[in-house]
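Worksheet for the structure shown next.
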Amino acid sequence: MKRLLVTVGLAVLPLAACAGVSGAVPPRGTVTGRLMLEGGPISLAGRLPSNRPIPGTVQFADGRHQPVLAHVGRSGNFSVSLPPGRYTATGRSPRVIEVSNGTNHEATCSQPLSVTVRRQHTTRIALTCIVP
């Protein structure tokens, strides 16, 4: 009986050790927010358009790793899970096109925003693309 317990104990220990190494996921934080458009043509009534959500992408870069992209739907809302750290967030949208030397391309339309991600914490941000 003792021999069986020792054998079972040794068989389980390596599995637990492997699960701890490969199954460990570092704690992450969440960034949620909205991508908005400000400005645009004045209406016939002479009013500036109100801020409105736009689709696009928000890029999170920390300078050490591959940037992470969050896809933004028509609602302008996005959410992304990131490792803790300091990131620069920038937004772009197919509705904001830059023309340069006769070619059109989707360019970064928001000012860079510094975001600190803390583990198991949600940070809310807003990125605004301003057009004339």
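Tell me yes or no: at least one residue of the stretch 56-73 is closer than 14 Å to Cys129 by Cβ, over 10 Å from the mean Cα position of the chain (by Cα) and not hydrophobic (A, V, I, L, M, F, W, C). Yes: one or more hits. With respect to (1) free of Cβ contacts under 8 Å to residues at least 60 places away in the same chain; (2) more than 14 Å from Gly33 (Cβ to Cβ); (3) surrounded by 14 or more Cβ atoms within 10 Å (Cβ to Cβ); (4) among the hydrophobic types (A, V, I, L, M, F, W, C), the lone exception for Val80 is condition (2). For the stretch 38-62, residues that are surrounded by fewer than 10 Cβ atoms within 10 Å (Cβ to Cβ) and hydroxyl-bearing (Ser, Thr, Tyr) total 2.
With a requirement of 2 or more residues that are of a type in the set (A, V, I, L, M), modelled with pLDDT of 85 or more and under 14 Å from Leu127 (Cβ atoms), the strands (runs of 3 or more DSSP E) lying completely within the stretch 1-115 that satisfy it span 29-39, 56-61, 68-72, 85-100.
Select from the stretch 90-115 the residues that are farther than 15 Å from Ile54 by Cβ and crowded, with 16+ Cβ neighbours inside 10 Å and list them in ascending order. Those that are farther than 15 Å from Ile54 by Cβ and crowded, with 16+ Cβ neighbours inside 10 Å: Leu113, Val115. Of Ser100, Ser114, all but one fail to be polar (S, T, N, Q), in contact (Cβ under 8 Å) with a residue 24 or more places away in the chain and touching a strand residue (DSSP E or B) at 6+ places or on another chain (Cβ under 9 Å); the exception is Ser114.
Number of residues in the stretch 92-119 that are out of contact with any Gly (no Cβ under 6 Å at 6 or more places or on another chain) and either of a type in the set (D, E, K, R) or under 13 Å from Thr32 (Cα atoms) (or both): the value is 5.
The values are calculated or read from the model by the stated rules, or taken from the named source; none is laboratory data. Predicted model, so just to flag it, every value in this text is computed and none were measured. Cβ atoms come from the backbone with ideal geometry, glycine included; neighbour counts cover every protein chain shown.
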